[in-house]
Amino acid sequence: MQFTGSSDDLQTLVASLGIPCRWQSRGAFQMAVFDDGVSNLKLNWWPGAGKLELVGDPAQRVELLLRLQALLAQHPDGEA
């Protein structure tokens, strides 16, 4: 997955998923840690390359991944 827009745009897109998360800067990448009380899902984003990677429990990840891919496909700076 790719996102080449701004950090603010990505945060707005992720917020539209309706799952609380907190953003952290990790040097070369930014990470959204989802606070859903169930999973350990994290979305990693490397702004320089635009690469997005959703990591965590596969059983919890699939549904969120599909929702995120659909949003990215509709966004001018995203690619599923």
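Sum up the charges of everything whose Cβ sits under 14 Å from the Cβ of residue 72, counting Lys and Arg as +1 and Asp and Glu as -1, but leave residue 72 out.
Net of charged neighbours comes to -2.
Run the numbers for residue 16 and residue 69: contour at 0.36 nm per residue of separation, minus the present Cα-Cα distance, in nm.
Gain on extension, residue 16 to residue 69, equals 17.8 nm.
Please provide three numbers in whole Å: the alpha-carbon extents of the chain along the principal axes, with the largest listed first.
Principal-axis extents of the chain (Cα, largest first): 30, 28, 19 Å.
So how strong a dipole does the range 2-79 carry about its Cα centre when Lys and Arg Cβ are +1 and Asp and Glu Cβ are -1, to the nearest 20 debye?
160 debye
Every number here is computed from the coordinates shown, using simple stated rules; none is lab data. These figures come from a predicted structure and were not determined experimentally. Every residue, glycine as well, gets a Cβ built from its backbone with ideal geometry; the counts of neighbours run over all protein chains shown.
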